[in-house]
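Just below is one structure, and these are the notes that go with it.
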Amino acid sequence: MKNDQEIRALVSLLDDPDEFIFTEVRNKLMELGGETIPFLEDYWENNPINHESQERIEDLIQQIQFDSTFSKLKRWVSQESPDLLRGALLINQFQYPDMDLKAVSEALEKIKRDIWLEINPNLTSFEKIKVVNKILFETHGFTGNKKNYHSPHSSFLSNVIENKKGNPLSLSIIYLLVTQDLGLPIYGVNLPSHFVLCYIDEFMTNVHLTEMESEDVLVYINAFNKGTMFDKKEIDSFLFQLNLPQKEEFYSPCSNKDIIQRMVNNLIFSYEKLGYTEKSDTMKKILSLFL
């Protein structure tokens with residue numbers, strides 16, 4: 001670890017016209033990683049540097065932030081049962097590296113607390129779902145972004161929490177984050193073209209996720225449509241319309257890794273649809289971690 005004075009000395013050399021010196025300094029700062037960002041930002045803001053040097057520093061900050069987040073996501077993917085919120089926030093950080101993590105956590109805690117105040121053990125599974133739906137979609141006003149369905153903003157958790165509009169996956173993630181912490185047996189279902197949720201028979205809560213099957217599902221939940229409940233027959237019909245086979249994986253709980261991988265795939269599709277090639281390529285690099 002270099003001390004503050006040494007880092008400042010390195011940063012001050014970034015506007016050196018000698019390309020060799022710049023490359024050497026850049027490489028050393030890249031090696032040091034995230035600890036150099038405050039010094040780079042301070043130098044950018046408080047020193048009379050030319051436009052080229054400003055761009056150099058901005059590019060360097062972005063690259064350091066990307067490498068740091070990429071490394072963290074790589075560790076997340078390597079875990080056997082990684083935390084869903086952590087995975088969603090890491091994807092969020094690729095687009096918004098300076099997002100307010102505390103604000104996101106506090107918003108989720110508020111929703112969770114409101115649900116907890118109205119749920120009790122005497123309620124049936126269906127009544128519990130209705131409570132969650134009321135708090136999430138009526139009290140807090142979350143809704144499906146039907147107008148801009150494929151907008152990349154609808155995939156990023158911080159945006160969805162702030163604007164209260166999301167796609168099927170992001171709304172399902174919020175649904176999962178607030179219900180699983182309350183002990184409700186709700187899981188994601190990786191249905192093609194439309195991510196949904198399922199409520200598992202409570203007698204199966206001690207069974208490992210990989211052993212849960214469609215027969216263990218009491219009811220399916222469509223978070224994009226304010227938590228509408230439906231049964232297996234509607235998935236049969238949906239798959240028939242898409243001309244897809246009735247695979248067990250389209251009816252059963254999926255893992256947190258599956259959910260975050262789907263988020264990345266959604267972003268690739270959204271960016272390609274908008275013609276944002278560079279952002280799409282970035283997401284493809286991130287997708288490689290899952291493949």
So is Lys146 loosely packed, with under 12 Cβ neighbours inside 10 Å and free of Cβ contacts under 8 Å to residues at least 60 places away in the same chain or not?
yes
Screening Glu6, Glu35 for residues that are within 35 Å of the chain's Cα centre (by Cα), of a type in the set (D, E, K, R) and surrounded by 12 or more Cβ atoms within 10 Å (Cβ to Cβ) leaves only Glu35
What are the residues in region 243-252 that are free of Cβ contacts under 8 Å to residues at least 60 places away in the same chain and either closer than 21 Å to Thr210 by Cβ or surrounded by 11 or more Cβ atoms within 10 Å (Cβ to Cβ) (or both), if any?
Leu244, Pro245, Gln246, Lys247, Glu248, Glu249
Before we move on, is Pro97 touching a residue at least 40 places away in the same chain (Cβ under 8 Å), surrounded by 16 or more Cβ atoms within 10 Å (Cβ to Cβ) and either not aromatic (Phe, Trp, Tyr) or not assigned by TED's automatic domain parsing to the domain that holds Gln261 (or both)?
no
What do you reckon, is Leu177 within 20 Å of the chain's Cα centre (by Cα) and among the hydrophobic types (A, V, I, L, M, F, W, C)?
yes
Please enumerate the residues belonging to region 56-84 that are aliphatic (A, V, I, L, M) and closer than 23 Å to Leu291 by Cβ.
Leu73, Val77, Leu84
Leading residue by the ranking (nearest to Val160 (Cα to Cα)) among those in region 194-235 that are at pLDDT 95 or above and exposed (fewer than 13 other Cβ atoms within 10 Å of the Cβ):
Asp231
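Does region 184-193 contain at least one residue that is in a helix (DSSP H, G or I) and closer than 21 Å to His150 by Cβ?
Checked against the condition, which is being in a helix (DSSP H, G or I) and closer than 21 Å to His150 by Cβ, region 184-193 yields no hits at all.
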Could you say whether any residue in region 147-158 is in a helix (DSSP H, G or I) and either closer than 25 Å to Ser252 by Cβ or of a type in the set (Lys, Arg) (or both)?
yes
Contact list, first residue from region 49-66 and under 20 Å from Leu32 (Cα atoms), second anywhere and polar (S, T, N, Q) and surrounded by 11 or more Cβ atoms within 10 Å (Cβ to Cβ), beta-carbon distance below 8 Å, six or more apart or interchain, is Ile64/Thr36; Gln65/Gln93; Phe66/Thr282
Consider only pairs whose beta carbons are under 8 Å apart and that are at least six residues apart or on different chains; among these, list those whose first residue lies in region 208-222 and is not assigned by TED's automatic domain parsing to the domain that holds Cys198 and whose second residue is in a strand (DSSP E or B).
none
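The values are calculated or read from the model by the stated rules, or taken from the named source; none is laboratory data. As the structure is a prediction and not an experimental result, all values here were calculated from the model. We place every Cβ from the backbone using ideal geometry, glycine too, and count neighbours over all the protein chains shown.
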